[in-house]
Each structure stands twice: as structure tokens, then as C-alpha cells.
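Taking it in order: structure first as C-alpha cells, then the write-up.
The values are calculated or read from the model by the stated rules, or taken from the named source; none is laboratory data. In this text, all values refer to a predicted model and were calculated from it rather than measured experimentally. Glycine also receives a Cβ, built like all others from the backbone with ideal geometry; neighbour counts cover every protein chain displayed.
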């Protein structure tokens, strides 16, 4: 079997300062069978200059206002012709030999739907957090909800994207997609290769500490959890995890509202939460509060 065609999809908006490193990391893979798709949301900085500079290495690009990264990624998936699709954010980059390592695993494991490499989170102060063990990259409900979903580390068969359908959530489309993939029985294979770098900075939708992003994150998590709990597809263990995930995000949303935005609304959320889940909500309140105090941050 020949190596797969890899479709790299990059949504971007005003990320000219970082985009060049992302593009060069694809070029430096020296992988022949790659399709590179860049969807720009109407950037006003030097993003377009960078794209045009490397245009000979880009299969398709466009620039116009859109409704955010999820819409851009959906467009890219529709255009993609690769066997595998991977998302590369404009502020991230690959390590050398990543595509080759994925391709070798693809040939050896034709039954696998998702091939996952290791990832590294690099903060603006150059500190690093690496998650690359098989346990951390295993595709299960707990990892997706409470650990690293590692979406950009995952090279996913296009047929799985076609089966699940368009991404919907603005920030947490990764968790929604992967939870649905698990319920469909998708098979994941984690390779022993540190391949992807996430840049953690305040302009990132994932890592930003800006209040609107964080509050929207909690709301999207709760919406996904509610949808899953209304379905009949979850087993007993998955139901417990999703219930715990819902309560964790509900309490984080309530605490941030109470202490940082709106005291009256926060007290209403306490009342609503208690009446909805009663003793389970109280237990979750103490547990989540302990976790927050331990980390000394509200995420």
C-alpha cells in the first residue's frame, strides 16, 4: 500500500506573525503526497502577504469574512481530497518527520480511523508541557472530557469526517467530534512520535484566559453534555463521565460568574444547580472547588 494523501487544513485570521512558521513546518515535512488548504477569514495584517509568499506550496487558499474557524474547517473538509485530514492552527507547527511517521502507521494499520502523534504545549515564556504517552493519547471519554483531546495531533480518515458531519461548536468542536467518533466505534492508534506543537498565548481560542472565551467554553461543554445525556448511545461508564463533566463545567461557570462578573446571577446559578442535581451538585461543588484551588487558576 502506498503512503496516504494528507490534507492539512489551516483556518486563519490576522495571524501573519505566526503563520509563516506553521507553513514552513508543513513544507519541511518533505512529504510528497500532501494537500495544503488555507482558509483566511479576511485578515487585515500581513497574513495574505505570507500566504502569497508560499503560494506554490499551497493547494488552495481563499480570503473572505466567515463565521469563524469551525465554518472555515468545514469548508476545508469539503474541499479535501486526502485519505487523512489534519488541522493545523496558524499559531502551531509540526516537528520534522511527523507525516512520515503517520504514513507508516497508516500502512501498517488499515483498520484504524484516527492516527495520533504526541503533542507539546509551548507557552509564551517558553515553558513546555508534553503529552505523548499511549495512555494520555488513548481515545476515550475521560481523556476527551478531562485531559487532552489533542485534535490537531490527530490525522483522521476523511470517511470518518463524512460520517460524523460538519463541526458545529465555535471553540469545542474537537471534543464534540471525538465523543461522537467514540460512539461510532472509531479506532485510534497512538504513535511514539512527538509531532505537533501548540502555542499557548492570550490570542488563542483554546489557551486564552480572556473571560468571554472561557465562559463560552463552559457553555459549549454543557451543551454537548446535555445532548449526549439525552441520547441512548452512552453506556453506564460514559454516562457517569458525561454527568461529571457537565457538573464540572456548570460549577466553573457559576464560580466565575459569582466572583468575577455578576453576583446576583451567580447566586441564581447556585440555586438552579442545587435544585437540578441536589446532593450530586454539592459533592461536585466541593470537588471542583478543590481542584481549582489546587491549581490556583480558574480555567
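The table that follows gives values for the structure above.
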| item | result |
| --- | --- |
| Some residue of segment 115-136 being assigned to a helix (DSSP H, G or I), out of contact with any strand residue (DSSP E or B) (no Cβ under 7 Å at 6 or more places or on another chain) and surrounded by fewer than 16 Cβ atoms within 10 Å (Cβ to Cβ) | yes |
| Subset of segment 143-166 that is part of a loop (DSSP other than H, G, I, E, B) and under 11 Å from the mean Cα position of the chain (by Cα) - its residue that is surrounded by the fewest Cβ atoms within 10 Å (Cβ to Cβ) | 148 |
| Among the residues listed as 78, 71, the single one being part of a helix (DSSP H, G or I), out of contact with any strand residue (DSSP E or B) (no Cβ under 7 Å at 6 or more places or on another chain) and loosely packed, with under 12 Cβ neighbours inside 10 Å | 78 |
| Restricting segment 48-68 to residues that are part of a loop (DSSP other than H, G, I, E, B) and either out of contact with any helix residue (DSSP H, G or I) (no Cβ under 6 Å at 6 or more places or on another chain) or not assigned by TED's automatic domain parsing to the domain that holds residue 103 (or both), the residue that is surrounded by the most Cβ atoms within 10 Å (Cβ to Cβ) | 58 |
| Any hit, segment 193-213, residues being part of a helix (DSSP H, G or I) and either modelled with pLDDT of 95 or more or over 25 Å from residue 13 (Cβ atoms) (or both) | no |
| Leading residue by the ranking (surrounded by the fewest Cβ atoms within 10 Å (Cβ to Cβ)) among those in segment 1-47 that are touching a helix residue (DSSP H, G or I) at 6+ places or on another chain (Cβ under 8 Å) and in a helix (DSSP H, G or I) | 27 |
| Scan of segment 102-117 for residues that are under 29 Å from residue 16 (Cα atoms) and out of contact with any helix residue (DSSP H, G or I) (no Cβ under 7 Å at 6 or more places or on another chain), ordered by number | 102 |
